[in-house]
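Okay, structure first, notes after.
Each reported figure results from applying straightforward, stated rules to the coordinates on display, with no laboratory input. Keep in mind it's a predicted model, so treat the numbers as computed, not measured. So basically every Cβ, Gly included, is an ideal-geometry build from the backbone, and we count neighbours across all protein chains shown.
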Amino acid sequence: MKQMVQTWRHVFKLDPDRPIDDQALEAVCCSGTDAIMVGGSSGVTFDNTAELLARIRQFEIPCVLEVSDLEAIVPGFDLFLIPTVLNSSDPQWLIGYQAQAAEKYGHMIPWDMLVPEGYIVLNPDSTVARLTRARTSLTGPEAAAYAQIADRMFQLPIVYVEYSGTFGDLELVAEVRRSLEASRLFYGGGISDGESARQAAAVSDTIVVGNIIYSNLDQALETVAAIKDSNVR
Ligand code: 1GP
């Protein structure tokens, strides 16, 4: 099951705190994307997460929860992605919350369904950067160094370069990718149409598309076609 993340090229990220009507949800789930990731930086609760999962389950698409709040861990997802923010200046976001979860729920954690993600958060204006007090001013070599530690030392299956809300510096992303041996590189942030999807996909293994689903569904759907049409790997 965990291996499925290795095959993903395109993922839609849905935020339980943002409304999406049935027609849009169907279009997203049946778009040909590889998976739906449920997660958000604020306002995520047990109830809105459970409700969104139930709606997504009408469709045959892998659905994973990116855990961001200990109170909003809902059973029934295919996998649970566990972020650690590598460039946070607060150890809570590196290992603190994870340890609290282990202490609280250790006996019932389905360890074989957890996939850790090493985040490198780079948009200073994003909620996630403010929340995690991320050091967002990293240079390419600095970001690549974090990624190398995540890959070779911590052996995280996923390194996630996160520009949430803005399109990132793809030179930096490419430098991060060159530094990786085994970790898969997820890129997310500001992908808003087929062209930006193609560009981001050329320098990463998996692209994550979020905001545009809510502001321009047609353009969001174009990002899937762009990836499927391209042979970039
Ligand atoms: C957010 O990386 C994802 O966690 C996607 O970013 O919302 O900017 O597409 P956008």
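In summary, Glu117 fulfils each of the numbered conditions (1) within 11 Å of the ligand (Cβ to nearest atom); (2) part of a loop (DSSP other than H, G, I, E, B) with the single exception of condition (2).
Residues in the range 178-224 that are over 19 Å from Asp17 (Cα atoms) and assigned to a strand (DSSP E or B): Arg184, Leu185, Phe186, Tyr187, Thr206, Ile207. Of the residues making up the range 155-170, one or more are assigned to a helix (DSSP H, G or I) and within 15 Å of the ligand (Cβ to nearest atom).
Could you tell me whether any residue of the range 123-144 is surrounded by fewer than 21 Cβ atoms within 10 Å (Cβ to Cβ), on the phi > 0 side of the Ramachandran plot and outside any helix (DSSP H, G or I)? The answer is yes, given that some residue of the range 123-144 is surrounded by fewer than 21 Cβ atoms within 10 Å (Cβ to Cβ), on the phi > 0 side of the Ramachandran plot and outside any helix (DSSP H, G or I).
Hey, among the residues in the range 171-207 that are of a type in the set (Lys, Arg) and either over 19 Å from Leu217 (Cα atoms) or crowded, with 21+ Cβ neighbours inside 10 Å (or both), which one's farthest from the ligand (Cβ to nearest atom)? Residue satisfying both the conditions and the ranking: Arg178.
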